[in-house]
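First comes the structure, then the notes that go with it.
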Amino acid sequence: MQIFRRKIYNQLLDWKQNRSDSALLVEGARRIGKSFIVETFAKNEYKSHLLIDFNNASSVVKGWFDEYLGDIDTLLLNLQIEYGVKLTPHESCIVFDEVQMCPRARAAIKYLVADGRFHYIETGSLVSIKKNVKDITIPSEEMAIEMNPMDFEEFLWAMGEDLLVDRIKECCEKKKPMEGLHRKAMNLFRDYMIVGGMPQALLKYVETKDYDKADAAKRAILSVYRNDIAKYATGSELKAQSIFDEIPAMLQRGEKKFSPSAIKPGTSYRDYDNAFFWLSDSRIVNICYGCTAPNIGLRLNMERTTLKCYMADTGLLISHAFDENGRTPVDLYKALLRGSLEVNEGMLMENIVAQMLKARGNKLYFYSKSSREDPSERMEIDFLITKSSITSRHNIIPIEVKSTKKYTLTSLNKCVAKFGEYITTPTVLHTADFKVKEGITYLPLYMAPWM
């Protein structure tokens, strides 16, 4: 089986070298490869490791974390005997896989870390981690990092395109066009958009170059998500399922904002508040909040009742949105590769930009203003992000996403005119090559991860 290179591996190394006086919790959506990357890391970086998969662990093993919590020596000895692994103090690691299935094991982290003999890594999905903490104290000796679906750079690594990655980074840094390599990069970007960043789907595609096989893997993941909603979204199951089913239609609308009345007439955002929080915590979706003004304090201006809801993985969105008898038709994929699916492509491009910005650690915001009296006030900016290094009040980057070759920049120009004192580098992400014109930076969509 092919082992994909993942950026989170370097974060695991940093924890081992500098922060291992705490346990590490790797959290994220289901089926993004948490268990695989952690087990690979434990095999590579330790003399020995012991892995407990709490999905399959016996009730006896789970019971030990209650029975021997005051006798760490016996607990550790029993685990080594049960799993047939000899651990070496200060050179071995214990992995609690799917730790949410055994809350007492998570509570034991406080004492295991204090014991100091071994390193501890936990994996889990927030979809049920938060559900299963009612009767335990969350250990302060636990450091959490979030894992996302594979990003475009990781996709290119999987496709053997390391040199192309270097070229894209160089052109983005030096602010120059890709020229002869633009078409190749854009074609691979469309591949990434179709296949997505879920490892099982990408593995099928890398092995077979068959979109249908990748699509089958994605549909299996969507079924897991639907089951999770029914099982874990306690009290909000029907509303969370309604939002999940409505996402493609939401994104297809002009403004793409969530409209409660589109799901059920007469309802308001507050009726769906808990369902949105659950979907966001599960990492099934990325929430983009509206803000009242694009200035230095985006969070301070956030409107919780104005939001857009994107799928966390665009490959999953495509399989979710375009369903022809339980599968995505080949003709659709061909149209997406040619860039000729004009009706729906805008929502896909915007979704994948949200996915890439989120993977880089950005909080997602947008700006929308309607005014009947003053046309200059009417504008819709797809995304607002903050410069990572704030050296002046000009620190907000407004981003417009364009999926076709012909487009206008009415909203972006209005935004610059009205909020210029807060804005730097107004940016258009489009399907063409890099250029700078009249103070606006035009980036090919595939450069978004390196903005």
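The values are calculated or read from the model by the stated rules, or taken from the named source; none is laboratory data. Remember, it's a predicted structure, so these values are computed and weren't measured experimentally. Using ideal geometry, Cβ is built from the backbone for each residue, glycine included, and neighbour counts are taken over all protein chains shown. Surface areas here come from the heavy atoms of the whole protein model, side chains and all, with no ligands, DNA or RNA. Shrake-Rupley method; radii C 1.70, N 1.55, O 1.52, S 1.80 Å.
For residue 32, the conditions (1) crowded, with 19+ Cβ neighbours inside 10 Å; (2) among the β-branched types (Val, Ile, Thr); (3) without any contact (Cβ under 8 Å) to a residue 40 or more places away in the chain are fulfilled apart from (3). When residue 234 is tested against (1) among the β-branched types (Val, Ile, Thr); (2) modelled with pLDDT under 95; (3) surrounded by 17 or more Cβ atoms within 10 Å (Cβ to Cβ), exactly one condition is not met: (3).
For the range 196-234, a residue qualifies if it is part of a loop (DSSP other than H, G, I, E, B) and of a type outside the set (Asp, Glu), and the qualifying residues are 196, 197, 198, 209, 233, 234.
Is at least one residue of the range 249-259 under 20 Å from residue 308 (Cβ atoms), open to solvent by less than 40 Å² (accessible area, probe 1.4 Å), part of a helix (DSSP H, G or I) and free of Cβ contacts under 8 Å to residues at least 24 places away in the same chain? The answer is no, given that none of the residues of the range 249-259 is under 20 Å from residue 308 (Cβ atoms), open to solvent by less than 40 Å² (accessible area, probe 1.4 Å), part of a helix (DSSP H, G or I) and free of Cβ contacts under 8 Å to residues at least 24 places away in the same chain.
With the structure loaded, tell me whether residue 14 is more than 22 Å from residue 283 (Cα to Cα), assigned to a helix (DSSP H, G or I) and under 26 Å from the mean Cα position of the chain (by Cα) or whether it fails that test.
Numbers: more than 22 Å from residue 283 (Cα to Cα): yes; assigned to a helix (DSSP H, G or I): yes; under 26 Å from the mean Cα position of the chain (by Cα): yes.
Yes.
Yes or no, residue by residue, for (1) hydrophobic (A, V, I, L, M, F, W, C); (2) out of contact with any Phe, Trp or Tyr (no Cβ under 8 Å at 6 or more places or on another chain):
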{"residue": "142", "(1), (2)": "no, yes"}
{"residue": "150", "(1), (2)": "yes, no"}
{"residue": "171", "(1), (2)": "yes, no"}
{"residue": "182", "(1), (2)": "no, yes"}
{"residue": "194", "(1), (2)": "yes, no"}
{"residue": "198", "(1), (2)": "yes, yes"}
{"residue": "201", "(1), (2)": "yes, yes"}
{"residue": "206", "(1), (2)": "yes, yes"}
{"residue": "213", "(1), (2)": "no, no"}
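Of the helices (runs of 4 or more DSSP H) lying entirely inside the range 57-157, those carrying at least 1 residues that are modelled with pLDDT under 95, in contact with a strand residue (DSSP E or B) (Cβ under 6 Å, 6 or more places away or on another chain) and buried (at least 16 other Cβ atoms within 10 Å of the Cβ) are 103-115, 126-129.
Take the residues of the range 410-451 that are among the polar types (S, T, N, Q) and open to solvent by 40 Å² or more (accessible area, probe 1.4 Å): which is nearest to the chain's Cα centre (by Cα)? Show your work before the answer.
Initially, the range 410-451 is screened for residues among the polar types (S, T, N, Q), giving 410-411, 413, 424-425, 427, 431, 441.
If we keep only those that are open to solvent by 40 Å² or more (accessible area, probe 1.4 Å) as well, we get 410, 413, 425.
On the way: 410: 30, 413: 30, 425: 25 Å.
Per the criteria, the residue is 425.
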